[in-house]
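First up is the structure itself, then whatever we jot down about it.
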Amino acid sequence: ETSPHGTYLLSTITKIGSPTHPSYPSGHAHCAGACVTVLKVWLDPHGTRCWPGYIVEANGSGLKLQNFTGPEFEGEPIPNDEKENCLTVTGELNKLAHNVAMGRDFSGVHWRVDDVNGIRLGEKVAIHYMQNELDRQPECASRKFKSFDGDFVYITKSGCDPEYESIL
């Protein structure tokens, strides 16, 4: 017996079907998780820095940026200095990592669990890398940043006081 669609397999975006490599974890998600974690450590250690200025969007032609005016603000530009409207660097980097990872799901190559755990695996690799970098520093140094789960992660040079905070 055959399916009315010709197959019982899930469709993919390509005619050749899914690749023959294993699905778990997603390599794109792993790389995105590691890269974004390093960026968060250096660019937004407390997970609270707002993008400066106003929130912007592309205009109708897509060639220029204009101030975003949401319906709840009655056509007024939305300032980005109020906490409820604040787009944080950490939040935007987290969205970037998830968009890179989820794009592979849409093409039928991976599942969501591959993405989520791939991102977390990349984060662990980046934390280990950053710990090694701190240990190579001649003086005490530490960094704090928000993980993908929203918890603060502290990395301190081995042998130094964990309460010591520095900006490298």
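The values are calculated or read from the model by the stated rules, or taken from the named source; none is laboratory data. The structure displayed is predicted, hence computed values, not measured ones. Here the Cβ positions follow ideal geometry from the backbone for every residue, glycine too, while neighbour counts run over all protein chains shown.
Just give me the residues in the stretch 118-164 being assigned to a loop (DSSP other than H, G, I, E, B), in contact with a strand residue (DSSP E or B) (Cβ under 6 Å, 6 or more places away or on another chain) and modelled with pLDDT under 85, in sequence order.
First pass over the stretch 118-164, keeping only residues assigned to a loop (DSSP other than H, G, I, E, B): 136-141, 147-151, 157-164.
From the residues that got through so far, the ones that are in contact with a strand residue (DSSP E or B) (Cβ under 6 Å, 6 or more places away or on another chain) too are 147, 162, 164.
Listed by number, the residues that qualify are Pro162, Tyr164.
Within the stretch 61-117, count every residue that is out of contact with any strand residue (DSSP E or B) (no Cβ under 8 Å at 6 or more places or on another chain), among the polar types (S, T, N, Q) and modelled with pLDDT under 80.
Total satisfying the criteria: 2.
From the list Asp161, Asp135, Asp114, pick out the single residue that is of a type in the set (Asp, Glu), surrounded by 13 or more Cβ atoms within 10 Å (Cβ to Cβ) and more than 18 Å from Val36 (Cβ to Cβ).
After ruling out the rest, the residue left standing is Asp135.
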